[in-house]
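Just below is one structure, and these are the notes that go with it.
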Amino acid sequence: MGSFSIWHWLIVLAIVLVVFGTKKLRGAGGDLGGAIKNFKQAMKEGEEDAAKTPAQLAEQQKQNSASSEQNTKV
């Protein structure tokens with residue numbers, strides 16, 4: 001009842017491939033990669049915002065609201 005051998009893992013992998021198929025697994029991997037990329041980008045933006053002064057943040061919010069109003073008018 002020790003740890004699984006390589007043969008156990010290969011059998012599990014084969015079953016997963018049969019059940020889900022390679023397209024679904026590839027899509028799930030791409031989705032996971034995109035989520036990680038977006039998370040890293042948001043963390044980077046958060047660090048940049050933390051370094052800004054309150055006046056700079058207020059100006060950025062004004063610009064964002066102005067651009068969102070332009071998008072809704074179109």
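Scanning segment 1-60 for residues that are of a type in the set (S, T, N, Q) and assigned to a helix (DSSP H, G or I) yields a total of 5.
Based on what the data block shows, is A66 at pLDDT 90 or above, part of a helix (DSSP H, G or I) and among the small types (G, A, S)? Criteria not met by A66.
When K52, K37, K73, K24 are checked against the criterion of being modelled with pLDDT under 85, out of contact with any strand residue (DSSP E or B) (no Cβ under 7 Å at 6 or more places or on another chain) and surrounded by 10 or more Cβ atoms within 10 Å (Cβ to Cβ), a single residue qualifies: K52.
The values are calculated or read from the model by the stated rules, or taken from the named source; none is laboratory data. Values in this document were obtained by computation on a predicted structure and should not be read as measured data. All Cβ positions, even for glycine, are placed from backbone atoms using ideal geometry, and neighbour counts span all protein chains on display.
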